[in-house]
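Working notes for the structure below.
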Amino acid sequence: MQSFMETAMARRSIRRFESRPIEEDKLARILEAARWSPSWANTQCWEIVAVESPETLEKLGAELSPKNPATLAIAKGPLTLAICGEKEKSGYYKGTKSTKFGDWLMFDLGLLTQTICLAAHEEGLGSVIVGSFDHDKVNALLEIPDEYEVVALLPMGYPDHAPSPPKRRELSEFCHKEKFGRKG
Ligand SMILES: Cc1cc2nc3c(=O)[nH]c(=O)nc-3n(C[C@H](O)[C@H](O)[C@H](O)COP(=O)(O)O)c2cc1C
């Protein structure tokens, strides 16, 4: 098993997959890890729709933004998870926003999604978070109820390429000491 540091650094966005399916027990372990993600006041506003039907995957791929590099990963891949959330739950107390940011659904779903990506990597699987698509059309396609939203699509499968890591900002560029702008 890889160390957490290796997993965090070696995970990459994978946009081409082998056609072989993902074993059920692997997917179950990945989703079990996701279940333990943190969330606002443990609200766990997430819902996950697993799409494996080639017909629906083609239709999902067609809703991505033009030239989205993840289009074929969805349209031709073995599995896409639609990461959905219940609105006005995370960040709310008795129906009222707790902070100036309102709905923390995006934040909680981001945490869940990263857990899935890291767990998938540990299982030898690749994935890519996809956020640029027609959300309303995907909501309709997957019959998502009005109180929920699809936020991200997460195609997953056995990697068919090994991309080199995109450059990261240096720690010294974004870490501050005591007050913003003070470097140490
Ligand atoms: C919120 C979010 C939305 C993203 N949307 C897309 C997308 O629509 N299409 C795509 O190909 N990659 C998408 N990505 C993947 C990023 O491009 C990728 O994570 C980034 O370039 C860093 O590369 P790495 O994941 O290999 O480290 C998205 C990532 C995040 C976190």
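The values are calculated or read from the model by the stated rules, or taken from the named source; none is laboratory data. All values derive from a computational prediction rather than experimental measurement. With ideal geometry, Cβ positions are generated from the backbone for all residues, glycine too; neighbour counts draw on all protein chains shown. All accessible areas refer to the heavy atoms of the entire protein, side chains included, with ligands and DNA or RNA removed. Shrake-Rupley method; radii C 1.70, N 1.55, O 1.52, S 1.80 Å.
Observations, loosely collected:
- Carbon + sulfur, % of accessible area of the chain - ligands and nucleic acids excluded, 1.4 Å: 55
- Per residue, the chain exposes an accessible area of 62 Å² to a 1.4 Å probe, with every protein chain left in place.
- The calculated Kirkwood hydrodynamic radius for the chain is 17.7 Å, given to one decimal from all distinct C-alpha pairs.
- Total lysine pairs whose alpha carbons fall under 26 Å of each other in the range 4-174 (8 or more apart, or interchain): 16
- The tail of the calculated P(r) for the range 68-130, taken as Cα-Cα distances beyond 17 Å, holds 53 percent of the pairs.
- For the chain, the 222 nm mean residue ellipticity estimated from helices alone, with every DSSP H stretch of n ≥ 4 adding -39500 (n - 2.57) and the total spread over all residues, rounds to -9000 deg cm²/dmol.
- Among the chymotrypsin sites (Phe, Trp or Tyr not before Pro) within the range 137-184, those in coil by DSSP and having at most 14 neighbouring Cβ atoms inside 10 Å are Phe180.
- In order through the range 108-119: 3J(HN,Hα) via Karplus (6.51 cos²θ - 1.76 cosθ + 1.60), integer Hz, x for Gly, Pro: 5, 5, x, 4, 4, 5, 5, 4, 4, 4, 5, 5
- Restriction of the trypsin sites (Lys or Arg not before Pro) in the range 155-184 to DSSP coil positions whose beta-carbon has at most 12 other beta-carbons within 10 angstrom yields Lys167, Arg168, Arg169, Arg182, Lys183.
- Antiparallel %, DSSP beta bridges [both residues in the chain], to 5: 95
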